[in-house]
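Attaching a single structure in structure tokens format; questions to follow.
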Amino acid sequence: ASIEGLLTGTFGTLRNNQPDLTLDTVSESELKVGLEVGTIVGFKSVDGSGDVVGGGLIGAWSCADQGTSFTIMVTGQDASVVQLRLNRLVDNFDCA
């Protein structure tokens, strides 16, 4: 699966499971996982009254040598905490 396909699929699943919220992407950047390069997408969650109630990050990458691909999603109300959690998980991941 392509990185873009993984991100789209994960975001779509999250969106479908949160029918009371509107999820909008707000950023996209490169994600480094060991020697691999992937993509990370940031999003916000908006409730029916238009208030931002949280958000998250979805990352995707492939481990070429193993022929496997991964996605990770971290959500929360505080963007700094979400970023910290994602960094901790990714920093401890190794394709080998």
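Compute the length gained on full extension between GLN66 and THR25: take 0.36 nm times their separation in residues and subtract their Cα-Cα distance, giving the result in nm to one decimal.
Numbers: separation 41, 0.36 × 41 = 14.76 nm, distance 2.99 nm.
That works out to 11.8 nm of additional length.
Could you go through the range 63-79 in sequence order and give the Karplus-derived ³J(HN,Hα) for each residue, using 6.51 cos²θ - 1.76 cosθ + 1.60 with θ = phi - 60°, rounded to whole Hz, and x for Gly and Pro?
3J(HN,Hα) across the range 63-79, in whole Hz: 9, 4, 5, 9, x, 10, 10, 9, 10, 9, 10, 10, 10, x, 8, 10, 4.
As a check on your grasp of the helix formula, calculate [θ] at 222 nm for the chain: sum -39500 (n - 2.57) over DSSP H runs of n ≥ 4, divide by the residue count, round to the nearest 500.
Helix contribution divided over all residues of the chain: -9000 deg cm²/dmol.
Quick one: angle between helix 3-16 and the longest Cα principal axis of the chain, in degrees between 0 and 90, rounded to 10, please.
So the helix axis and the longest Cα principal axis differ by about 30 degrees.
Skip the ligands, DNA and RNA, and give the accessible area per residue of the chain with a 1.4 Å probe, whole Å². Intermediate results must be reported in sequence, preceding the final value.
On the way: 5910 Å² over 96 residues.
Heavy-atom SASA per residue in the chain reads 62 Å².
The values are calculated or read from the model by the stated rules, or taken from the named source; none is laboratory data. Computed from a predicted model, the values in this text were never measured in an experiment. Accessible surface is based on the protein model in full, side chains and every heavy atom, while ligands, DNA and RNA are left aside. Shrake-Rupley method; radii C 1.70, N 1.55, O 1.52, S 1.80 Å.
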